[in-house]
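The values are calculated or read from the model by the stated rules, or taken from the named source; none is laboratory data. Quick caveat, the model's predicted, so the values are computed rather than measured. Using ideal geometry, Cβ is built from the backbone for each residue, glycine included, and neighbour counts are taken over all protein chains shown.
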Amino acid sequence: MAALAEIIDDPPQSVRAFRQISADDLIDESSLLSFLQTAYEVLDELAGDALANAYFNRLANFIDTYNLNYELRRPCRLYPTVPGLFANLVQGLRNSNAEHPHLHTLQRDFDEAFRDLHDRGGEGRIKTCLQKQINLLEALGRNHPQVNEYALSSICDQLPHWPHAKVRQALKSLYGFTCDYPGIRHGGKPGSVEGNIEMRDMLALCILLTGFTPYLTDRLDVAAIFQGR
C-alpha cells in the first residue's frame, strides 16, 4: 500500500506505472471492464469532473470507433449489447466444443458450410448449412447427462431447463421444419412447402437455432457469457 501511495502522489511515476500495465495484468474481459470503469472513479477523485469527463468522452469515442460490443452510460458503466451478447455466446460455444472431439468436428462442419455461403449462395447450400447446424444442436443435446435420445425433438423432451412448454415447443417446431422441408434433413413433405429457401430464412433460422443452445447444454457458463468473462 505504501508503494501504491508513492506512485499516486508522484505524477511522472504514475504515468510510467500506467503505461506498464499489460494484457497479462487483465485476466479476462470482465477484468478489463472493471479496470476501465474504475479508472473513471480514480480520475474523478484525484482531479474532479473535468478530467473524469474527458476520460469518459475519450472512452466513448474509442468504443464508437472500434464498434465494441458495449454501451457506455453515465457515470461510467459499460453494459453489454445484444450483438455483444450473441458474439460471446457463439465464442463460448466454440471454446466449449473445441474441448470435445465429437462436438469439435460438428462445429467445424457447420462453420465450413456457413463460410461456403459467402462465396456462393443458393438454396442447396442454405439447406446444407441448416442441416449441419441441426446436427450440431442434436449432438449438444445428446451430450447432456440426462439425455439418452438422438432426435432433437425427443432430446427436447428430456432436457430439464425449459421455462415453459411453449419455449420447448418452439425449438421442436423449428426442428420439425427442417425434417419436413425437402432437402434439409430428409426428402420431406413437398406439400408443406410455402416458398423457396432464401438468405432471409438462413439469417433468421441460424440466429434462432443458435439462441436455443443454452437450453441444450450445461457446458456453457451463461452468467459469464453475459458478463464477458
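Annotations for the structure displayed:
- Total residues in the range 152-169 satisfying the condition of being buried (at least 16 other Cβ atoms within 10 Å of the Cβ) and hydrophobic (A, V, I, L, M, F, W, C): the figure is 4.
- Selection count where residues are over 23 Å from residue 176 (Cβ atoms) and either among the charged types (D, E, K, R) or within 19 Å of the chain's Cα centre (by Cα) (or both), scope the range 94-141: 17
- Residue in the range 142-154 that is within 13 Å of residue 216 (Cα to Cα), touching a residue at least 40 places away in the same chain (Cβ under 8 Å) and under 23 Å from the mean Cα position of the chain (by Cα) present: yes
- Cβ-Cβ distances below 9 Å connect the following pairs, each with a first residue in the range 88-113 that is touching a residue at least 12 places away in the same chain (Cβ under 8 Å), a second residue that is of a type in the set (Asp, Glu) and assigned to a helix (DSSP H, G or I), and a separation of six or more residues or different chains: 88/29; 94/111; 106/138.
- Of residues in the range 35-93 being more than 22 Å from the chain's Cα centre (by Cα) and among the small types (Gly, Ala, Ser), the one surrounded by the most Cβ atoms within 10 Å (Cβ to Cβ): 52
- Pairs linking a residue in the range 65-84 that is within 13 Å of residue 36 (Cβ to Cβ) and of a type outside the set (Phe, Trp, Tyr) to a residue that is at pLDDT below 90 and buried (at least 16 other Cβ atoms within 10 Å of the Cβ), with Cβ atoms under 6 Å and 6 or more positions apart or on different chains, are 78/33.
Yes or no, residue by residue, for (1) assigned by TED's automatic domain parsing to the domain that holds residue 213; (2) in contact with an Asp or Glu (Cβ under 7 Å, 6 or more places away or on another chain); (3) polar (S, T, N, Q):
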position	(1), (2), (3)
12	no, no, no
30	no, no, yes
33	no, no, no
39	no, no, no
98	yes, no, no
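- For the range 159-187, filtering for residues that are within 23 Å of residue 221 (Cα to Cα) and either among the acidic types (Asp, Glu) or touching a helix residue (DSSP H, G or I) at 6+ places or on another chain (Cβ under 8 Å) (or both) leaves 6.
- Some residue of the range 137-149 being β-branched (Val, Ile, Thr) and in contact with a Lys or Arg (Cβ under 8 Å, 6 or more places away or on another chain): no
- For the range 176-229, a residue qualifies if it is hydroxyl-bearing (Ser, Thr, Tyr) and surrounded by fewer than 16 Cβ atoms within 10 Å (Cβ to Cβ), and exactly one does: 192.
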